[in-house]
């Protein structure tokens, strides 16, 4: 949320993607009201694999300048990460 506030304070339009539509709408309303920027809110659960086509369609035609990837995913195969040799 802090990234979104900072970007909005600089006058940047935003696309917010998160799992909970209600929370997204609350943040969207707050940012639009406080900073007078455009905000697109997309509800998507990144534990699902069928979300990417819909996200792509919603983003179609937008000029995306910065991506902040903050998707918190629990790696179910963390043992694999530990077995990767250091380079």
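Could you tell me which residue of the stretch 28-56 is nearest to residue 71 (Cα to Cα), considering only residues that are touching a residue at least 24 places away in the same chain (Cβ under 8 Å), in a helix (DSSP H, G or I) and more than 12 Å from the chain's Cα centre (by Cα)?
Here the answer is 31.
Looking at the stretch 11-27 only, could you name the residues that are assigned to a loop (DSSP other than H, G, I, E, B) and at pLDDT 95 or above?
Residues satisfying the conditions are 11, 12, 13.
The values are calculated or read from the model by the stated rules, or taken from the named source; none is laboratory data. Only a predicted model underlies this, so the values are computations on that prediction, with no experimental measurement involved. Virtual Cβ from ideal backbone geometry, glycine too; neighbours counted across all protein chains shown.
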